[in-house]
Amino acid sequence: IYSPRCLSHTTRHEAASLVDLMPTMAGLLGNTYLNTTMGRDLNATAPEGDRSVYIQTSDKRFPIIGVVNSRFALRMNRDGGNARLHPVNNGDPRQDLSEKFPDEFEKMKRTARGIYELTRYQMYANAP
């Protein structure tokens, strides 16, 4: 967010997405609001520690889902099959690190499945 008259320069190294823009802007403006989006205020502390961003391919019948954080990218089938953990900044991005970092792998799998199920729920229950 660029606003040199209102905000001092900061550099962020955590994962963020376009869906985080509205909650972040509302937080900067000091507005109280009910957040019914998938986004979060980037100035608030992430309860899970390292912020994760949800990703999904455009294939609606058999999407590849996953999450990305500052260290890893996880991709898997929507049913959890064929899951792989890849490095984001270091090493070969094709390398599967799921056995080397099993705790991070399982945490990211749970996060991806949880967000995927939440998006399915929101399609029907997030009426204005």
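Each reported figure results from applying straightforward, stated rules to the coordinates on display, with no laboratory input. Since this is a predicted model, take the numbers as computed values, not measurements. Positions of Cβ are backbone-derived with ideal geometry, glycine not excepted, and every protein chain shown enters the neighbour counts.
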Checklist line | Selected residue (criterion: farthest from Phe72 (Cα to Cα)) from residues of the range 13-38 that are in contact with a Leu (Cβ under 7 Å, 6 or more places away or on another chain) and either surrounded by fewer than 12 Cβ atoms within 10 Å (Cβ to Cβ) or of a type outside the set (D, E, K, R) (or both) | finding: Thr24
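Scan the range 1-47 residue by residue and report those that are of a type in the set (A, V, I, L, M, F, W, C) and assigned to a helix (DSSP H, G or I).
To start, the set of residues in the range 1-47 that are of a type in the set (A, V, I, L, M, F, W, C) comprises 1, 6-7, 15-16, 18-19, 21-22, 25-26, 28-29, 34, 38, 42, 44, 46.
Residues satisfying the conditions are Leu18, Val19, Leu21, Met22, Met25, Ala26, Leu28, Leu29.
With respect to Ile1, determine if the residue is in contact with a helix residue (DSSP H, G or I) (Cβ under 6 Å, 6 or more places away or on another chain) and closer than 29 Å to Met123 by Cβ.
no
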Next item on the list: Could you tell me which residue of the range 48-103 is surrounded by the most Cβ atoms within 10 Å (Cβ to Cβ), considering only residues that are outside any loop (DSSP other than H, G, I, E, B) and among the charged types (D, E, K, R)?
Entry: Arg75
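What's the total number of residues in the range 104-128 that are among the aromatic types (Phe, Trp, Tyr) and surrounded by fewer than 14 Cβ atoms within 10 Å (Cβ to Cβ)? Spell out the reasoning first.
Just the residues of the range 104-128 that are among the aromatic types (Phe, Trp, Tyr), to begin with: 105, 116, 121, 124.
Still in the list and also surrounded by fewer than 14 Cβ atoms within 10 Å (Cβ to Cβ): 121, 124.
Here the count works out to 2.
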Next item on the list: Within the range 75-115, work out how many residues are closer than 19 Å to Ala46 by Cα and under 16 Å from the mean Cα position of the chain (by Cα).
Entry: 12
